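A short reminder: the numbers here are calculations on the coordinates, not readings from a lab. The model shown is predicted, which means the values in this text are computed figures rather than measured ones. Here the Cβ positions follow ideal geometry from the backbone for every residue, glycine too, while neighbour counts run over all protein chains shown.
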Amino acid sequence: MKIEKIDHICFAVKDLEETKKRYKDALGLVPDVEYIADSEKIKVARYYIGDVAIEFMESTSPDGEVAKFIKRKGEGFFLISYKVDNLDKALEELKEKGAKLIDNKPRKLFGNRYAFIHPPKELSGVLTELLDGEFDIKK
């Protein structure tokens, strides 16, 4: 597996509109992209800072993973996403190493294929996403 770059870093927030206001007021940042991902039960504001995106995610459902995270740990850092050269090969390599995966097959969203590695066991508690596509919602 070859990690090509950090694609994005995500933060779980309770109130996306309030978070966007705070980042605009404090740092002058305005989201480049906003979207709702029904399959993941989130609404997202994405900011591009150089080649890395920062995402703030609010759950759209009390049973969504972001809502569960906030209930357990509060708002804050949620996950890091790495772009890999070949997601299928990366998943196979991780399985061969005995890694515990959340996804054995890639998920799909907006033309992207991605999968998650189980955080507590594998990577020091950091939810990690691997992807091999390009986020194709236009800036």
Subset of segment 6-29 [under 14 Å from residue 54 (Cα atoms) and exposed (fewer than 11 other Cβ atoms within 10 Å of the Cβ)]: 27
Of residues in segment 72-95 being under 30 Å from residue 14 (Cβ atoms) and of a type in the set (Lys, Arg), the one surrounded by the most Cβ atoms within 10 Å (Cβ to Cβ): 83
Residue count, segment 1-55 (criterion: hydroxyl-bearing (Ser, Thr, Tyr), free of Cβ contacts under 8 Å to residues at least 40 places away in the same chain and closer than 22 Å to residue 84 by Cα): 1
